[in-house]
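The values are calculated or read from the model by the stated rules, or taken from the named source; none is laboratory data. Keep in mind that this is a model prediction, so the values were computed, not measured. Cβ placement follows ideal geometry from the backbone for every residue including glycine, while neighbour counts extend to all protein chains displayed.
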Amino acid sequence: MQAIKTIREPARDIKVWREVDVVVVGGGPGGVASAISAARNGAKTILVERYGHLGGMATGGLVNIIPNLSDISGKQHIYGLTMELINRLDKRGGTTYTKKKDRGSAEKKAVDYYLDANLGWFYVRKGQSGQQRVLYSAVVDPEILKNELNEMVLGSGAELLLHSWGTQVIMENHAVRGVFFESKSGRQAILGKVIIDATGDGDIFVAAGAEYDNECDNKRRTAWLAFVWWMTNVNLRKFDKFKALQPEKYKELMQELGKLGGYPFFFRGILKSQPNTVWYHSMQPQPQRTDAMDVEQLTKIDIQARRRAIITHDFMKKYVPGFEKAFIMLTSPQLGTQGGRRIIGEYTLTEKDLDTDEVFEDTIAVLANNDYGDISNKHPTLCIPYRCLVPKRVDGLLVAGRAFSSADTINETFNIIPHCIAYGQAAGTAAALAIKAGIEPRKVDYKALRDNLVKQGVNIPKIEKLAPSVDKSQGKTDYYQKYRS
């Protein structure tokens with residue numbers, strides 16, 4: 001095996017561009033929520049984002065679906081910044097969401113609407129009786145979302161730095177006290193009292209030497225990369241008529257498209273502002289797990305995916321009625337990374353947490369538990385403890401977004417956009433509280449954090465302590481707890 005050639009980089013002085021309270025690295029859903037909540041709670045905050053827009057997968061990745069806002073019965077659990085964002089988009093005509101009367105409904109017309117659009121996974125689940133029911137979910141216009149996120153961040157008082165890639169940390173003993181970032185202006189530094197890693201892939205906590213987990217079953221969604229693109233000017237009425245009258249012919253065509261390397265499956269876009277548009281969320285399952293941290297692999301998959309999109313476009317125009325005048329409207333500038341490195345925090349969520357109604361003393365979010373069959377029917381919610389955002393041993397650092405401390409079996413279904421917003425809202429709030437108290441983030445008072453989040457509109461149940469017990473494996477004191485109305 002040939003030895004790896006290396007070059008020693010010479011030492012140099014780096015300009016300190018800013019000194020702030022909170023530095024958020026990564027402007028996806030988790031990072032945006034972190035910056036907004038930290039700034040609104042009085043912390044001098046800056047958000048650093050490598051692209052020229054905010055939103056991450058929700059905008060640049062064209063993963064514009066905000067699902068699982070309710071459980072299978074239709075009861076809403078996610079509020080806070082997610083609802084503030086949806087309400088802002090609604091005023092601009094930038095979102096479409098499940099009507100109140102349809103949430104939890106088993107009515108055939110409501111269910112079929114989402115099944116016919118191929119959006120069943122995001123909108124439909126089976127309830128206890130086996131009937132399919134409609135969830136509360138939303139889709140958003142990514143271009144309108146980009147602007148609304150800018151306005152929300154800047155309106156909170158946070159500073160925004162785009163086109164800047166956080167690359168390395170500044171350590172003081174075992175605490176992160178700043179980051180280096182690269183841009184067209186060169187390599188510079190930002191110093192901060194609390195750093196929030198919202199990169200999604202744990203770029204900052206890895207650089208800080210924190211423990212992390214990178215295990216993931218290759219069969220899971222989170223082990224795949226996705227290239228998303230939209231085709232518009234589709235005559236959907238003509239397409240539907242052809243598919244209904246000639247189902248076997250349509251099936252044969254899609255089989256042929258698959259053999260050519262194209263994408264036979266698409267979602268019917270349901271944004272009211274964008275009729276006659278279809279969405280291709282093209283997963284890239286490989287013989288072995290894809291690695292979102294391998295730049296050569298990312299390059300290869302991006303090239304392959306764009307080639308396959310053109311094959312699909314050409315085939316559909318030529319052979320499928322309704323697509324004669326269709327054209328590719330938009331392709332995602334960001335390859336869809338759905339999972340990766342996860343911090344090993346003070347608490348790690350595992351499958352056992354699904355099969356309980358426990359409300360943690362440090363609960364920062366309540367999420368709908370919709371994806372585990374009978375377990376979901378028995379336990380329709382999952383509480384997320386703040387400790388999942390706090391790395392072991394490394395201070396001055398919090399994690400917001402999909403890299404929260406969790407087994408891959410949990411991460412797969414609780415790392416989507418509204419979840420990441422919830423984690424970010426909690427991380428930003430905790431960072432601000434830590435700075436006010438002059439303490440490390442891991443020492444933030446849980447009750448103060450919960451109370452603050454409740455004031456922000458986050459759904460957190462009150463806690464009734466019944467009997468304490470010690471769980472040494474998680475290094476914490478638990479309480480047998482229950483919801484109290």
Test result for VAL111, more than 30 Å from SER37 (Cβ to Cβ) and either in contact with a Leu (Cβ under 6 Å, 6 or more places away or on another chain) or crowded, with 18+ Cβ neighbours inside 10 Å (or both): yes
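Let's see how each residue does on (1) under 19 Å from ALA448 (Cα atoms); (2) crowded, with 22+ Cβ neighbours inside 10 Å; (3) not assigned by TED's automatic domain parsing to the domain that holds HIS77:
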site: ASP355; (1), (2), (3): no, no, no
site: ALA365; (1), (2), (3): yes, yes, no
site: ALA368; (1), (2), (3): no, yes, no
site: ILE375; (1), (2), (3): no, no, no
site: CYS388; (1), (2), (3): yes, yes, no
site: ALA407; (1), (2), (3): no, no, no
site: GLU412; (1), (2), (3): no, no, no
site: ASN415; (1), (2), (3): no, yes, no
site: ILE421; (1), (2), (3): no, yes, no
Pairs with Cβ under 7 Å, 6+ apart, first in region 298-312 and surrounded by 20 or more Cβ atoms within 10 Å (Cβ to Cβ), second assigned to a helix (DSSP H, G or I): THR312/LEU257
Qualifying residue in region 80-93 (condition: within 18 Å of THR413 (Cβ to Cβ) and crowded, with 21+ Cβ neighbours inside 10 Å): yes
Where LEU191 falls short, out of the listed (1) crowded, with 22+ Cβ neighbours inside 10 Å; (2) outside any loop (DSSP other than H, G, I, E, B); (3) not aromatic (Phe, Trp, Tyr): (1)
Residue match in region 210-225 (condition: touching a Lys or Arg at 6+ places or on another chain (Cβ under 6 Å), farther than 25 Å from VAL63 by Cα and touching a residue at least 60 places away in the same chain (Cβ under 8 Å)): yes
Residue in region 231-253 that is within 27 Å of GLN297 (Cα to Cα) and not in a loop (DSSP other than H, G, I, E, B) present: yes
Filter result (of a type in the set (A, V, I, L, M, F, W, C) and assigned to a helix (DSSP H, G or I)) within region 301-345: ILE301, ILE303, ALA305, ALA309, ILE310, ILE311, PHE315, MET316
Unmet criterion (only one of (1) under 20 Å from LEU149 (Cα atoms); (2) touching a helix residue (DSSP H, G or I) at 6+ places or on another chain (Cβ under 6 Å); (3) part of a helix (DSSP H, G or I)) for ALA431: (1)
Some residue of region 347-358 being of a type in the set (A, V, I, L, M, F, W, C) and either in a loop (DSSP other than H, G, I, E, B) or farther than 26 Å from HIS77 by Cβ (or both): no
One residue from GLY166, GLY178, GLY155, GLY130 being more than 21 Å from GLY428 (Cα to Cα) and in the same structural domain as HIS53 (by TED's automatic domain parsing): GLY130
Pairs, first farther than 23 Å from LYS146 by Cβ in region 329-349, second of a type in the set (Lys, Arg) and at pLDDT below 90, C-beta under 8 Å, six or more apart: GLY339/ARG220; GLY339/ARG221; GLU346/LYS476; TYR347/LYS476
Verdict on ILE204 being part of a strand (DSSP E or B) and touching a residue at least 60 places away in the same chain (Cβ under 8 Å): no
Scan of region 15-57 for residues that are part of a loop (DSSP other than H, G, I, E, B) and either at positive phi or not assigned by TED's automatic domain parsing to the domain that holds ILE144 (or both), ordered by number: GLY26, GLY42, GLY55
Pair list, Cβ under 6 Å, 6 or more apart: region 143-167 residue part of a loop (DSSP other than H, G, I, E, B), other residue among the aromatic types (Phe, Trp, Tyr) and crowded, with 18+ Cβ neighbours inside 10 Å: SER164/PHE181
Leading residue by the ranking (surrounded by the most Cβ atoms within 10 Å (Cβ to Cβ)) among those in region 1-21 that are in contact with a Leu (Cβ under 9 Å, 6 or more places away or on another chain) and under 29 Å from GLN334 (Cβ atoms): VAL20
